[in-house]
1. In peptide B:45-57, how many Cβ atoms from other protein chains are near each Cβ within 10 Å, on average?
2. Mind jotting down the three principal axis lengths of the range A:262-405 based on Cα atoms? Whole angstrom, largest first.
3. From the helices alone, meaning DSSP H stretches of at least four residues, give me the mean residue ellipticity at 222 nm for chain B, per-run term -39500 (n - 2.57), in deg cm²/dmol to the nearest 500.
4. So for the pair residue A:206, residue A:414, with labels modelled 7 Å out along Cα→Cβ, what separation do we get in nm?
5. Hey, what D do you get for chain B in µm²/s if you plug the Kirkwood alpha-carbon radius into Stokes-Einstein at 25 °C and 0.890 mPa s?
6. Evaluate the charge dipole of the range A:126-175 about its Cα centre and quote only its size in Debye, nearest 20, assuming +1 on the Cβ of each Lys and Arg and -1 on the Cβ of each Asp and Glu.
7. Can you work out the Karplus-derived ³J(HN,Hα) for every residue in the range A:315-321? Use 6.51 cos²θ - 1.76 cosθ + 1.60 with θ = phi - 60°, whole Hz, and x for glycine or proline.
8. R0 = 22 Å: FRET efficiency of residue A:331 with residue A:353, Cβ-based, nearest 0.05?
Amino acid sequence: MSDVVIRAKNIGKQYALGDGQHWRRTVHAHLREAFASCRGAEETPVYETENKLIWALTGVSFDVRRGEVLGIIGRNGSGKSTLLKILSRITPPTTGWADLVGRVGSLLEVGTGFHPDLTGRDNIYMNGAVLGMTKREIDRQFDAIVAFSEIETFLDTPVKRYSSGMHMRLAFSVAAHLKADILLVDEVLAVGDAAFQQKCLSKMDDVSHEGRTVLLVSHNIASILNLCSTALLLDRGEVLAYGGVRNVVDHYLSGSSSVQGETQLYPQQEVLPSQELSLRAIRIRDSRDCVTGSIDVARGCTVEVDYVVHREIRGGQVSLELWNGEGVCVLCTTDLDSCPESRSMARLPGLYRASCRLEPTWFRAGRYWISLGASIPGVRVLDEAPHAISFDVVDTGSVEHKLAQGRRGIIAPTIKWNARSLSTVNS
Amino acid sequence: MQLSMPQASPRMAHHSSAVMTTGDNPDSIDAGAFRILPLQPVPAIGFRDIWAYRELLYFLAWRDLKVRYHQTILGILWAVLKPCSMVIVFSVFFGWLSRMPSDGIPYPLFVLSALLPWQLFAHTLSGTSHSLVSNQHLITKVYFPRLIIPISAMAIGLADFGIALLVLVAMLMYYHIPILPQILAIPLFMLLSIATALGVGLWASALNIRHRDIGHALPFVTQLWFFATPVAYPISLIPASWHAWYGINPMASVVEGFRWALFGTGEGGGHMLIFSFFISLTLFLSGLYFFRRTEQTFADVA
């Protein structure tokens, strides 16, 4: 028998869609019906149908050995957090089972149990207790926690007076000192300034070297590659790949996951008879012209849009919006930008392919979305495809971008600077 | 072959119903492993699990108390002012204006002796029934025995009771009321009050997390309950043949019991108390069962 400390077998989790309050709507329906019959009016009874059930996870099985750091990756909604919640015993699975050996610490969020009116000192105890530490353990680690958080001077101030950075540093410090044989960590590194993030990453690295087992859910491919030895790729609740971290990440990035680098927007028959233009497909090509869902931060990419003009239109434009993973619109561009004189030009019926190049130096690493639109500006919308495609910009570790990652701003362009001497000082 | 794993901590070895030891399972990785399983139909109470998390229980109660009178000028004085002001209001309206009979006891003392257990009940009930909803950020993020939350929510009611007790003692001395031997029965009546409140509170909190209607209905129900309890009026206003039936409301027995223990009025026990005891026990046990039965899905419905 080996050193397996986590074994999950055939784990599945079913959720009911909707607000789970069909009772309420049933009561409403009955009342409305009763009211209608009082007035003598005919009204079709509205009975709530059974809530729709979906499987958030199906047949997930894996083993984790002691000291292993397993990364769990996948798109939003692929079931990563659900899996972690099941292993943390917050919610029971619908099928299957899992065995865990040793003390489990789960960090689904930092600062759970923080109370705004309590002081930093009190909250260290509160948060520690919530995470499962005993008072004696917290006493023992108290100085280390305070030192790590760098908030000594504010220890007796209520945390509601803290800046968000201080709040987060204190919260992470408690979490980082949690002693557990198995740590379940969900995206907590996605917060804080770059310097503190770095500190946390190295702390996490210490953790795995101490022989503790870590399960880490993250969107940050760079930190997964950095910290994990093995990885599990989830897609729509199923395990798509499981094994060495490099292979799984490649699998995730290369398009066998849902980030495929190409989206077909409409089946032919769904076009309305009145429609003048319909968007057909969007794809991302890397610098070697291959369709891909992941872009090297140093190389940039080309966005290609296929659309069909059904009837002749004048003054139309095709536009795209680039959104980053935080939901911020990075830029918006249209095919008329570079040649405004073509505004009055007619587009004759037929299939078109438009493309534009997105410059590499703009991007920071992370997930991006593109929303497509076609319209006659100020007149009418011709077609829309919100969140038509997503792609990842991956930090491959080129020197200049490593530098840029520590900076603020939603884009990280390389801008030319000049400096010249205006006078010299004689010392 | 046994693994040389570090000793599992006590809180992991003793766990709630959803988890059982896996020593006899062929797939098990270790005899000391704990197992996560789908919803279990009949849960145990899980005393050992609660015991293992007693420090969290203490911290949650401590947090509630510490935050209670935070950023107030009068601070803990509020716990004294509230029962005092209620005694004044009741004494003016019922004792003085309506000349409510009070079994020969000075009216302010008569009403305070009942307000004390009533407030214990009402605070415990409202505290426990809202506890899950106000702590849902914990429930959806961390595991611990869920019973910890309503239990820790009783701290405020108990603390306020303790402070109001000092007011009562001061008034007993002011009116030169002699101390009777049956005063030793007070803790038992407190227990009856807490068991009733916790029983209803467990039902209400577990229902409230799914249907917030409970939270809206409860203050109203508590108000009705208050008038169904002989706090402002003596039970002697009710025909004696009905007294036993009055025991359906355990709080009536508690209030009568308090007055009996303090002033020697009434009988303090009898059929009414026996009736109340069983009602209260039923409420408590069924509440506990319902809570344990539904707690596994709290995180999904919160």
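Bear in mind these aren't lab numbers, they're just calculated from the coordinates by the rules spelled out. Since this is a predicted model, take the numbers as computed values, not measurements. Every residue, glycine among them, receives a Cβ derived from its backbone with ideal geometry; neighbour counts consider all protein chains shown.
1. 2
2. On the principal axes, the range A:262-405 reaches 51, 33, 28 Å in Cα extent.
3. Using -39500 (n - 2.57) per qualifying helix, the result is -19000 deg cm²/dmol.
4. 3.6 nm
5. Translational diffusion coefficient: 115 µm²/s.
6. Roughly 180 debye for the range A:126-175.
7. x, x, 9, 10, 10, 9, 10
8. Efficiency, rounded to the nearest 0.05: 0.55.
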